[in-house]
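Enquirer: Mind having a look at this structure? Questions to follow.
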Amino acid sequence: MSEPQKQYVITLSDHISIQHDPKDTVLESLEKQNIDIHYHCREGFCGACRSKLLEGEVDYTTDPLAFIDDDEFLPCCTKPVGDIKIKIEQ
């Protein structure tokens, strides 16, 4: 019998914190809280949702094809592995 997945906290650089539902990607969690984030493909191809990962770690649900820097991640195809702090690029 597997343990239930833990809910983590996503904190934005402007000090807004939201609960992350383990079944959702970071993008889906942000959308559920009506947090404005730019995106297109939802699958890691285009890089439109590229954001800064300020603290914590994420796991990719799909290998991204979009170019990202070492301090960036794609919310559309990631899930946190603990509490994270992010900055959404506008």
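Enquirer: Please compute the volume of the convex hull spanned by the alpha-carbon atoms of the chain and report it per residue in Å³.
Expert: Once divided by residue count, the hull of the chain is 93 Å³.
Enquirer: Only Lys, Arg, Asp and Glu count, each charged at its Cβ (+1, +1, -1, -1), so figure out the dipole size of the chain about its Cα centre, rounded to 20 debye.
Expert: Magnitude of the dipole: close to 200 debye.
Enquirer: Sticking with this one: What does the charge dipole of region 36-89 about its Cα centre add up to, to the nearest 20 debye, if the Cβ of each Lys and Arg holds +1 and the Cβ of each Asp and Glu holds -1?
Expert: It comes to approximately 200 debye.
Enquirer: Another question, then. Could you work out the helix-only [θ] at 222 nm for the chain, with each DSSP H run of four or more residues adding -39,500 (n - 2.57) and the total divided by the number of residues, to the nearest 500 deg cm²/dmol?
Expert: -2000 deg cm²/dmol
Enquirer: Cross-link candidates for residue 32: which aspartates and glutamates have Cα within less than 16 Å, leaving aside residues fewer than 8 places away along the same chain?
Expert: Within the straight-line limit of under 16 Å, residue 32 reaches these aspartates and glutamates: 21, 24.
Enquirer: Hey, another quick one. Given the chain, what percent of its DSSP beta bridges are antiparallel, to the nearest 5?
Expert: 80 percent
Enquirer: As a test question: what accessible area, to the nearest 10 Å², does residue 17 have when a 1.4 Å probe is rolled over all protein chains in place?
Expert: That residue has around 70 Å² of solvent-accessible surface.
The values are calculated or read from the model by the stated rules, or taken from the named source; none is laboratory data. Note that the structure is a prediction, hence the values are computed from the model and not measured. Please note: Cβ atoms are built from the backbone with ideal geometry, for glycine as well, and neighbour counts cover all protein chains shown. Protein only, heavy atoms only, side chains kept; ligands, DNA and RNA dropped before computing areas. Shrake-Rupley method; radii C 1.70, N 1.55, O 1.52, S 1.80 Å.
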